Amino acid sequence: MILARIKNIALTEGDVTKDGANGYVAGDNPVGKIPALTRDGAPTLMDSPVICEYLDSLSAPILPSSGEQRWAQLRLHALGDAISDATYNYRYETVREPALHWPDIIARHDQGLRNILAALADEVDSLGAPWEFGNLAIICGLDYCSYRASHIDWRAAHPAMAKWHAGFAQTKAYKDTYAY
Ligand SMILES: N[C@@H](CCC(=O)N[C@@H](CS)C(=O)NCC(=O)O)C(=O)O
């Protein structure tokens, strides 16, 4: 949604229903996960990097078309998505009743999250500002981590990254799309 807002692309948010083992069911999305992008006369797209690249392609792309700059942006985007993935995984494991907890796998997701955050904090000066293709996924991941894994106080652990994030939180695209 942030990328759509930055690029002035009008999207309509659809209602999704959760259908047990089928996951989130809306339109033509067998993956059963959100986000998914339904399009008139074309198949539904799923997976946030794919959706972002599609939206970016609709007008003057911010993702470089080739070369190391492209890989740098895709790498940062992947690291941002990895924050979200580790947070989902941590949440899925810890939302179960305590008798079903598996401490080793909880520790794996918790540590994975901490490792990604520390690695990004080490390179905070090169994460870019304002919005770029890579850093928008990092901002989304950081906010999702605050929401679902709040015991990891990344702002306290990484003050420079907190300051970097705060700059984005002042932007209209952020304020218009902040979900928590
Ligand atoms: N790699 C995917 C991950 C999507 C994802 O895991 N979404 C979660 C958000 S809560 C979901 O829909 N989970 C529902 C499920 O797995 O049933 C992306 O970036 O879009």
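No value in this document is a laboratory result; all are computed from the given coordinates. In this text the structure is predicted, and so the values were computed from the model without any measurement. Cβ placement follows ideal geometry from the backbone for every residue including glycine, while neighbour counts extend to all protein chains displayed.
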Length gained when the stretch Asp47-Lys33 is fully extended (0.36 nm per residue, less Cα-Cα span): 4.2 nm
Normalised alpha carbon radius of gyration of the chain [divisor 2.2 N^0.38 Å]: 1.07
Normalised contact order of the chain, rounded percent, pairs of Cα under 8 Å and 6 or more residues apart: 21 percent
Arg114 paired with Asn22, simple spin-label distance in nm, labels 7 Å along Cα-to-beta-carbon: 4.1 nm
DSSP H segments from the chain that extend 20 Å or more along their own axis, Cα-based, with Kyte-Doolittle mean of -1.0 or above: 67-94, 103-122, 133-148
Distant alpha-carbon pairs in segment 2-57 (separation over 17 angstrom), percent: 38 percent
Isotropically averaged projected area of segment 92-163, using the convex hull of Cα atoms (one quarter of hull area), nm²: 5.2 nm²
Local electrostatic count at His165 - Lys and Arg +1, Asp and Glu -1, tallied over other residues with Cβ under 15 Å: -2
Dipole of segment 9-140, positive end: most advanced residue of Thr38, Thr17, Leu63 [Cβ charges, Cα centre]: Thr17
Inter-site label distance for Ala169 and Glu13 at 7 Å from Cα along Cβ, in nm: 2.0 nm
